[in-house]
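Report on the following structure.
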Amino acid sequence: MLALALILPVFREPTQTIVGDIAHPGLQGELFHQWDFCHNAREGRLGQYYNSDQVSCPDGQDLSRFIGFSLHLFFYLPFLGLRGLVLPYNLLVLLTLALNGFAAFLLCQRLTRAYWPALACGILFLISPYAGL
């Protein structure tokens, strides 16, 4: 129910509301890396996605050689045309949850040969605690 409560507001304002707790440091880091990755991709630096020319300390030191990215950030490439951070992030999270639910539905239906338990399993994974992160 908590995960559902965190997802539903996103459908009303997909560009203003973020899936999960924005105060969570992991989510803040994810949004920062998404912004930096999209910036590098728009500048044509996909081959150097480990580097960032936008990251520096307040004293001006360049931290680009210390910033690394996960391969999952390449999933943002289809959303490069969308401006901002929130909408692409929300679309990816909702797509991931939908694919999780569909895969769980197919697996459970294959194992049980019954539709309703498979549907319940799919819904459980669709509205999973993962969304609460």
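The values are calculated or read from the model by the stated rules, or taken from the named source; none is laboratory data. Nothing here was measured: the structure is a model prediction, and the numbers come from that model. Note: ideal-geometry Cβ built from the backbone for every residue, glycine included; neighbour counts use all protein chains shown. Calculation scope for accessible area: heavy atoms of the full protein, side chains included, ligands and nucleic acids excluded. Shrake-Rupley method; radii C 1.70, N 1.55, O 1.52, S 1.80 Å.
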Open item on the list: Among the numbered criteria (1) farther than 24 Å from P14 by Cβ; (2) not in a helix (DSSP H, G or I), which one does L111 miss?
Closed with: (2)
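I need the full set of residues from segment 6-40 which are open to solvent by 60 Å² or more (accessible area, probe 1.4 Å) and among the small types (G, A, S), in order please.
Of everything in segment 6-40, just one residue is open to solvent by 60 Å² or more (accessible area, probe 1.4 Å) and among the small types (G, A, S), namely A23.
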- [ ] Quick one: Y49 ticks every box in (1) closer than 28 Å to C121 by Cα; (2) modelled with pLDDT under 75; (3) open to solvent by less than 60 Å² (accessible area, probe 1.4 Å) except a single one, so which number is it?
- [x] (1)
Task: Among (1) in a helix (DSSP H, G or I); (2) over 21 Å from L94 (Cβ atoms); (3) at pLDDT 75 or above - the single one C38 does not satisfy - done: (2)
- [ ] Keeping to segment 89-118, report how many residues are closer than 22 Å to F74 by Cα, open to solvent by 40 Å² or more (accessible area, probe 1.4 Å) and among the polar types (S, T, N, Q).
- [x] 2
